[in-house]
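Below is one structure, written out as structure tokens; the observations come after it.
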Amino acid sequence: MTTAGKVIKCKAAVAWEPNKPLVIEDVEVAPPQANEVRIKIVATGMCHTDLYILFESMKKESFPMILGHEAAGIIESVGPGVTEFQPGDKVIPLFISQCRECRFCKSPKTNQCEKGWIETQHVLKDSRFTCKGKKIEQFAGTSTFSQYTVVNQMAVAKIDPSAPLDKVCLIGCGICTGYGAAVNTAKVEPGSTCAVFGLGAVGLAAVMGCKAAGAKKIFAVDINPEKFEKAKVFGATDFVNPKDYDKPISQVLAEMTNGGVDYSLECVGNVEVMRSALESCVKGWGISVVVGWTELHDVATRPVQLIAGRTWKGSMFGGFKGKDGVPEMVKAYLGKKLLVDEFITHNMTLDQVNDAIELMKHGKCIRTVLNPFPQ
């Protein structure tokens, strides 16, 4: 029985209000409208940004909402005007669009999409989700903590049909974000020294990117020593725990590296760590990339840190243009040139979403993959 053109009733994890557990609800997902596709979500990862929205930024006007933005699925149906996709295609939804038409998409200097900002805001305000007669907000234009979601075709990447969706879902956020920050944004060079601050999935992906770029020394910086063995798997050569020292970590790294590292990547979303990462770079040419997300605080440093020749950069989604970069990253994984399985520490059902949140909140996982359709 075809579902195309009909409202689908399915399960989703709804965040009714900030700082409260998600609730598994029956929701209605309307058919895709012009230039939209409806996706059956096969697997979705739990990312720290979901926790940030729920527990830190807590903008009440954004709730009720369905979170989730790191996923993979299958096209169930397409709306009018969609020619790039057809039912049955394996896809990864993107929280950064690629319209291929705006000045940003046409520039090799950025992965931002001007049209995407407008359309995503539109989708947020005109979501295809309803529950108990109420409109449910769509997060990041994706909302993947649901068995089905509707996404603008600009924000979908078609991937290799042989790709295992319960693995490559992580390429939809964490892996690209960290790996690309090292390779695309920092442009790490062979033989260089790097420091990665924070060893969650994004930080470990950044370590992997530094290794792929040929860095000779990769310092993994975290206050949890249990994470070093995992970091070694992805290419870290040294582990530094700031709690082991009675001086600033930037000074510690400077002493270990004859003045500082060539590249540093902040993968925590903490403004104090961002400053430490910048100040850990060698003066003259050091490059520090802000990868961790926060909108709550200002970031600061002494002007001399920059005047001395350091560069401070930001990176969103690792600088990847989604429609182009995500399929290539999936191919790299299938060709055994990219680690993905090693990030997955837990597999759960969508019903266990609050357990997955607790694991991440307490640093007990790298990535938990949720299955919305358990057998």
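Every number here is computed from the coordinates shown, using simple stated rules; none is lab data. Note that the structure is a prediction, hence the values are computed from the model and not measured. Cβ placement follows ideal geometry from the backbone for every residue including glycine, while neighbour counts extend to all protein chains displayed.
Note: relative contact order over segment 178-316, using C-alpha pairs below 8 Å and six or more positions apart, is 23 percent. Once the Cα-Cα distance is subtracted from the 0.36 nm per residue extended length, the Lys109 to Ala308 segment shows a gain of 69.2 nm. Under the rule a/c < 1.5 gives rounded, and otherwise a/b versus b/c splits prolate from oblate, where does segment 178-316 land using the Cα gyration tensor? Because its axes are fairly even, with a/c under 1.5, segment 178-316 counts as rounded. Here the simple spin-label model places points 7 Å from the Cα toward Cβ, and for Lys361 and Arg100 these points are separated by 4.3 nm. Counting only DSSP H runs of at least 4 residues, each contributing -39500 (n - 2.57), and dividing by the residue count of the chain, the helix-based mean residue ellipticity at 222 nm comes to -6500 deg cm²/dmol.
Here the label points at Lys135 and Val233, each 7 Å from Cα along the C-beta direction, are separated by 4.3 nm in the simple model. Is the shape of segment 67-170 best called rounded, prolate or oblate, per the rule: a/c under 1.5 gives rounded, else a/b larger than b/c gives prolate, else oblate, with a ≥ b ≥ c the square roots of the Cα gyration tensor eigenvalues? Oblate, because a/c is 1.5 or more while a/b does not exceed b/c. Excluding the site residues themselves, the longest part of the chain lacking any trypsin sites (Lys or Arg not before Pro) in a DSSP loop with at most 16 other Cβ atoms within 10 Å is 217-282. Computed from label points 7 Å out along Cα-Cβ, the spacing between Asn224 and Thr345 is 0.4 nm.
Enumerate the residues in segment 138-173 having an amide nitrogen under 17 Å from the point lying 7 Å beyond the Cα of Glu17 toward its Cβ. None, by backbone N distance to the label point.
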